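Heads up: the structure comes next, in structure tokens.
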């Protein structure tokens, strides 16, 4: 994934829509995390990039002490209010790069669709230092692929993207090889018991819903407003032309690794 410096702050401008349209994660993913690391009221957990909490609830429900890092001030405040009944959640409005805590502090550190914003060496090294011996790092992300059952719609969408965002629309689904390669990165930084898992699901949207979802993606938000409105209008019209519905085929990858 190509990361454009500065786009990590764009979500702060669309926090309400982000919360409404971005998906949560599947139950099986959390079961797999808890199978390798039991989390309870005595556990200390860190979330890197809480956003609006799409990944947070199942871990928060374990009663652990959960510290969450969030760079966007509006995102952080929105999410504080969203989870205001949970006294075991402590949100820090700070970049992960600037967050400081003693080494060997956390039993579990997790990051959902956010860790790619952090430089690799800094991110993995810092996570390793913050984990207790035996602690687990869980990195997971959702990788949606546009409607593969409607080839004509897919081709039409590619043409629109070629005009507004050249080279940005992938023609390949996220693969098991992609997941393995990404999981193996942690081995370079001393982690052991590295493994990965893939989960699949579909989500279907009408044209307006889909355009609302696109409005929460960093690279789409960064497009100049008038150009973005025209881009989204063409996307919406195209979906209507092909039946008014579009299905996303999600591949979620979970990478788990342990500190010796």
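The values are calculated or read from the model by the stated rules, or taken from the named source; none is laboratory data. Just so we're clear, the structure is a prediction, and the values are computed from it rather than from any experiment. Every residue, glycine among them, receives a Cβ derived from its backbone with ideal geometry; neighbour counts consider all protein chains shown.
A few points about this structure:
- Condition check for residue 35: under 27 Å from residue 193 (Cβ atoms) and buried (at least 20 other Cβ atoms within 10 Å of the Cβ): no
- Qualifying residue in region 37-47 (condition: farther than 23 Å from residue 123 by Cα and in contact with a helix residue (DSSP H, G or I) (Cβ under 7 Å, 6 or more places away or on another chain)): no
- Qualifying positions in region 171-195 - touching a strand residue (DSSP E or B) at 6+ places or on another chain (Cβ under 7 Å), surrounded by 13 or more Cβ atoms within 10 Å (Cβ to Cβ) and part of a helix (DSSP H, G or I): 179, 180, 182, 183, 184, 186
- Residue match in region 144-160 (condition: over 30 Å from residue 233 (Cβ atoms) and outside any helix (DSSP H, G or I)): no
- Just one residue in the set 133, 168 is touching a residue at least 40 places away in the same chain (Cβ under 8 Å), surrounded by fewer than 17 Cβ atoms within 10 Å (Cβ to Cβ) and assigned to a loop (DSSP other than H, G, I, E, B); that residue is 168.
- Among the residues listed as 238, 247, 251, the single one being touching a strand residue (DSSP E or B) at 6+ places or on another chain (Cβ under 7 Å), under 30 Å from residue 16 (Cα atoms), modelled with pLDDT of 95 or more and surrounded by 15 or more Cβ atoms within 10 Å (Cβ to Cβ): 251
- Strands (runs of 3 or more DSSP E) completely within region 43-108 that count 3 or more residues being without any contact (Cβ under 8 Å) to a residue 40 or more places away in the chain and more than 18 Å from residue 22 (Cα to Cα): 65-70, 89-93
- Out of 71, 60, 89, sole residue that is buried (at least 16 other Cβ atoms within 10 Å of the Cβ) and at pLDDT below 95: 71
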